[in-house]
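J.: Below is one structure. I have some questions about it.
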Amino acid sequence: MGFAKDKMAPTAMGGTELMKYGLSSRIPDGLLDDFQIFLSRVHEELDPNKIKIYWHHDLPWDPAATHLKETWHQFDHIVYNSNWQADMFNKVLGVPYHRSSVLENAIEPIEYKVKPSRTDGIIRIIYHTTPHRGLELLVPVFEKLCEKHDNIQLDVYSSFKIYGWGERDAQYEALFERCKNHPKINYHGSVPNTEIRAALQDADIFAYPSIWVESSCISMMEAMSAGVICVHPNYGALYETSGCLTRMYGWHEDPNQHAGRHLAILDETIEDVKAGRHVEEANYVKAYADLRFNWKRRAYQWQTLLEKLKTEKPASKFITLKS
């Protein structure tokens, strides 16, 4: 297939890898043969005989991306996963818009199932992304909410092992132990995406007090598709991913202030789920996510772009970029 080699851990199965394998399995055989697609990092020489695409999943201030300020012209096309990301690369690194496209990340829609809370009354909250994105804010917020609500539970699916970086979990071991020792928190670590999707079918609320600038958020896409109410700040591209249809609040630089804002909206959302006031909202958001982020739609857009680039490949020579 037409993806360039990279030096990421061979076992990594984060969002970038999900998009890579998701696309390659949906593109007609042979179409990628004429391309060299780099995913966020350039770890091999540029092939002058290939159509070179830089598919970005990172941020312009990431050390692996800053070279684009000088090297953007070496690529035939740049693909971003959000309009916010495209705008940031233009403003921070000066990468022009004219040789790029925005093709958002995609998911397979998740079949909606009646939530267990309808029968057992337990409101299930889920956090299913890596720990550095806000878990340290969520855990104390949840502990505080347990003083008011006796029917809530938190399921935490979080570990750097998803990227093959298990050693980075060390700095969060105390936080993981705190989760394991709490009677209403279930810590699951890193699990395959199929298990996450199944867990989302049972969850009521995705609590995400993000402190990490996202260029896109597949975790939120899947939560929306599963009919889960999302509680998060308007940080990075989260407002774009959500379509501003979620329980979104203004981000705050101070962690304590941020936690307070998250607590207030999460408390309100728990009350709404208890009373069933969220059902129409969840159904609407699911329909929106299933249409907007559907892999069938995105694969067609990718195929259209690839075929267009094959007919328009410029004759100009590109300087080889050293790995």
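J.: Give me the pairs: first residue in the stretch 77-106 and in contact (Cβ under 8 Å) with a residue 60 or more places away in the chain, second residue of a type in the set (Gly, Ala, Ser) and part of a helix (DSSP H, G or I), beta-carbon distance under 8 Å, and six or more apart or on different chains, which are they?
T.: TYR80/ALA86; ASN105/GLY15; ALA106/GLY22; ALA106/ALA299
J.: Here is a further query. For the stretch 185-199, give me the residue count where each residue is touching a helix residue (DSSP H, G or I) at 6+ places or on another chain (Cβ under 6 Å) and either of a type outside the set (Gly, Ala, Ser) or loosely packed, with under 14 Cβ neighbours inside 10 Å (or both). Can you show your working first?
T.: Here is the first cut: in the stretch 185-199, the residues touching a helix residue (DSSP H, G or I) at 6+ places or on another chain (Cβ under 6 Å) are 185, 187, 190.
Restricting the remaining residues to those that are either of a type outside the set (Gly, Ala, Ser) or loosely packed, with under 14 Cβ neighbours inside 10 Å (or both) gives 185, 187.
Going through the stretch 185-199 one residue at a time, the tally reaches 2.
J.: Right, another one. Taking the residues in the stretch 210-221 that are over 19 Å from VAL273 (Cα atoms) and not small (Gly, Ala, Ser) as candidates, determine which candidate is surrounded by the most Cβ atoms within 10 Å (Cβ to Cβ).
T.: Step one: filter the stretch 210-221 for residues over 19 Å from VAL273 (Cα atoms), giving 210-219, 221.
Add one more test, that the residue is not small (Gly, Ala, Ser), and what stays is 211-214, 217-218, 221.
Working: ILE211: 17, TRP212: 15, VAL213: 16, GLU214: 25, CYS217: 28, ILE218: 24, MET221: 24.
Among those residues, the one meeting the criterion is CYS217.
J.: Here's a follow-up. If you check SER219 against the conditions, is it within 27 Å of THR194 (Cβ to Cβ), among the hydroxyl-bearing types (Ser, Thr, Tyr), in contact with a Gly (Cβ under 9 Å, 6 or more places away or on another chain) and not in a loop (DSSP other than H, G, I, E, B)? Break it down stepwise before answering.
T.: Numbers: within 27 Å of THR194 (Cβ to Cβ): yes; among the hydroxyl-bearing types (Ser, Thr, Tyr): yes; in contact with a Gly (Cβ under 9 Å, 6 or more places away or on another chain): yes; not in a loop (DSSP other than H, G, I, E, B): yes.
Considered against the rule, which asks whether it is within 27 Å of THR194 (Cβ to Cβ), among the hydroxyl-bearing types (Ser, Thr, Tyr), in contact with a Gly (Cβ under 9 Å, 6 or more places away or on another chain) and not in a loop (DSSP other than H, G, I, E, B), SER219 comes out as yes.
J.: When you scan the stretch 245-319 for helices (runs of 4 or more DSSP H) that lie fully inside it, which ones turn up with 3 or more residues that are over 25 Å from the mean Cα position of the chain (by Cα)? Give the derivation first.
T.: Details: elements: 255-275, 279-292, 295-312.
In the stretch 245-319, the matching helices (runs of 4 or more DSSP H) lie at 255-275, 295-312.
J.: Considering every residue within the stretch 194-201, establish whether at least one is in contact (Cβ under 8 Å) with a residue 12 or more places away in the chain, among the small types (Gly, Ala, Ser) and part of a loop (DSSP other than H, G, I, E, B).
T.: no
J.: Further question: Please state which one of LEU291, LEU306 is touching a Leu at 6+ places or on another chain (Cβ under 6 Å), closer than 21 Å to LEU18 by Cβ and modelled with pLDDT of 95 or more. Break it down into steps so the answer makes sense when it comes.
T.: Details: LEU291 fails: touching a Leu at 6+ places or on another chain (Cβ under 6 Å).
Matching residue, one of LEU291, LEU306: LEU306.
J.: Which condition from (1) in the same structural domain as PRO233 (by TED's automatic domain parsing); (2) closer than 27 Å to SER24 by Cβ; (3) part of a helix (DSSP H, G or I) is the one that VAL141 breaks?
T.: Only one criterion in (1) in the same structural domain as PRO233 (by TED's automatic domain parsing); (2) closer than 27 Å to SER24 by Cβ; (3) part of a helix (DSSP H, G or I) is unmet by VAL141, namely (2).
J.: On the basis of being in a helix (DSSP H, G or I) and at pLDDT 95 or above, does HIS232 make the cut?
T.: Details: in a helix (DSSP H, G or I): no; at pLDDT 95 or above: yes.
For HIS232, the condition - in a helix (DSSP H, G or I) and at pLDDT 95 or above - is not met.
J.: Another question, if that's okay. Given the options ILE125, ILE162, ILE152, name the one that is in contact with a Lys or Arg (Cβ under 7 Å, 6 or more places away or on another chain), hydrophobic (A, V, I, L, M, F, W, C) and touching a residue at least 24 places away in the same chain (Cβ under 8 Å). If you could, list the steps in order and put the result at the bottom.
T.: Details: ILE125 fails: in contact with a Lys or Arg (Cβ under 7 Å, 6 or more places away or on another chain); ILE162 fails: in contact with a Lys or Arg (Cβ under 7 Å, 6 or more places away or on another chain).
When all the criteria are applied, what remains is ILE152.
J.: Test of understanding: among ASP29, ASP47, ASP76, which residue is out of contact with any Leu (no Cβ under 9 Å at 6 or more places or on another chain) and over 21 Å from GLU108 (Cα atoms)?
T.: Numbers: ASP29 fails: over 21 Å from GLU108 (Cα atoms); ASP76 fails: out of contact with any Leu (no Cβ under 9 Å at 6 or more places or on another chain).
None of the other options fit; the residue is ASP47.
J.: I would also like to ask the following. Taking the residues in the stretch 156-184 that are surrounded by fewer than 19 Cβ atoms within 10 Å (Cβ to Cβ) and of a type in the set (D, E, K, R) as candidates, determine which candidate is nearest to ASP267 (Cα to Cα).
T.: For the stretch 156-184, the residue satisfying everything is LYS184.
J.: Moving on. Going through the stretch 137-174 one residue at a time, which ones are hydrophobic (A, V, I, L, M, F, W, C) and over 22 Å from the mean Cα position of the chain (by Cα)?
T.: Within the stretch 137-174, VAL141, PHE142, LEU145, CYS146, ILE152, ALA170, ALA174 qualify.
J.: Would you mind finding the one in ILE162, ILE126 that is assigned by TED's automatic domain parsing to the domain that holds PHE176, in contact with an Asp or Glu (Cβ under 6 Å, 6 or more places away or on another chain) and either not basic (Lys, Arg) or not in a strand (DSSP E or B) (or both)? So that I can check it myself, show each step before the final result.
T.: Details: ILE162 fails: in contact with an Asp or Glu (Cβ under 6 Å, 6 or more places away or on another chain).
It is ILE126.
The values are calculated or read from the model by the stated rules, or taken from the named source; none is laboratory data. Quantities reported herein were computed from a predicted structural model and do not represent experimental measurements. So basically every Cβ, Gly included, is an ideal-geometry build from the backbone, and we count neighbours across all protein chains shown.
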